[in-house]
């Protein structure tokens, strides 16, 4: 456990509920150690509470991970919705992507969790963890692309769902490599502006 993480948990303790302290501690530990390598006992200890309180609030470690993602997406939701106010589908799509990239840039722990732990296969039932917040991002993207299609702005031969999946896959790949660069020195030396330049070029090739 790093000193900064310990200090953060202690600072949060007097002013926050056990629910929020658990979320903070879990987010820090998952990002640092990984989900599988973090025990509920360690989370409760860092949060200054008990494992029984963790289970009471979240049901399981997996439920806690899902709650972390949901909170992250909830914080981005107002800005994502505001992207729909842009004048054209292209501008709306660009604003939506920039909002998500910017939000993750200002929350490095969430960025690491989202890229390395999100949509992980659940142990029971082989289901994949897809949070409602991520689904909201997909719905907003599909809505914007549907508007572009109705306006005749999607280039011939391209389907909206293919565009959406391509953009999401590109986004995840770019951010994943940034995380790997931080952790391992992986060769991914680009900025948020570089990412947006790529997205703008790709969007321009698909939307008129």
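Summary table below
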| read-out | value |
| --- | --- |
| Identity of the residue in segment 161-180, under 24 Å from residue 32 (Cα atoms) and either over 18 Å from the mean Cα position of the chain (by Cα) or in contact (Cβ under 8 Å) with a residue 24 or more places away in the chain (or both), that ends up surrounded by the fewest Cβ atoms within 10 Å (Cβ to Cβ) | 172 |
| Residue match in segment 180-193 (condition: at pLDDT 95 or above, in a helix (DSSP H, G or I) and assigned by TED's automatic domain parsing to the domain that holds residue 82) | no |
| Residue within segment 113-120 that is surrounded by fewer than 17 Cβ atoms within 10 Å (Cβ to Cβ), out of contact with any helix residue (DSSP H, G or I) (no Cβ under 7 Å at 6 or more places or on another chain) and modelled with pLDDT under 90 present | yes |
| Single residue of 138, 198 found to be in the same structural domain as residue 110 (by TED's automatic domain parsing), out of contact with any strand residue (DSSP E or B) (no Cβ under 9 Å at 6 or more places or on another chain) and within 15 Å of residue 99 (Cα to Cα) | 138 |
| Selection status of residue 145, without any contact (Cβ under 8 Å) to a residue 60 or more places away in the chain, surrounded by 13 or more Cβ atoms within 10 Å (Cβ to Cβ), outside any loop (DSSP other than H, G, I, E, B) and within 14 Å of the chain's Cα centre (by Cα) | no |
| So residue 198, is it assigned to a helix (DSSP H, G or I), closer than 18 Å to residue 89 by Cα and modelled with pLDDT of 95 or more | yes |
| Test: residue in segment 152-174 that is touching a strand residue (DSSP E or B) at 6+ places or on another chain (Cβ under 6 Å) and assigned to a helix (DSSP H, G or I) | no |
| Subset of segment 25-45 (residues that are within 26 Å of residue 180 (Cβ to Cβ) and either in contact with a strand residue (DSSP E or B) (Cβ under 6 Å, 6 or more places away or on another chain) or surrounded by fewer than 22 Cβ atoms within 10 Å (Cβ to Cβ) (or both)) | 32, 33, 34, 35, 36, 37, 38, 39, 42 |
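The values are calculated or read from the model by the stated rules, or taken from the named source; none is laboratory data. Since we're looking at a predicted model, the values are computed, not measured. Methodologically, a virtual Cβ is constructed for each residue, glycine included, from the backbone with ideal geometry; neighbour enumeration extends over all protein chains shown.
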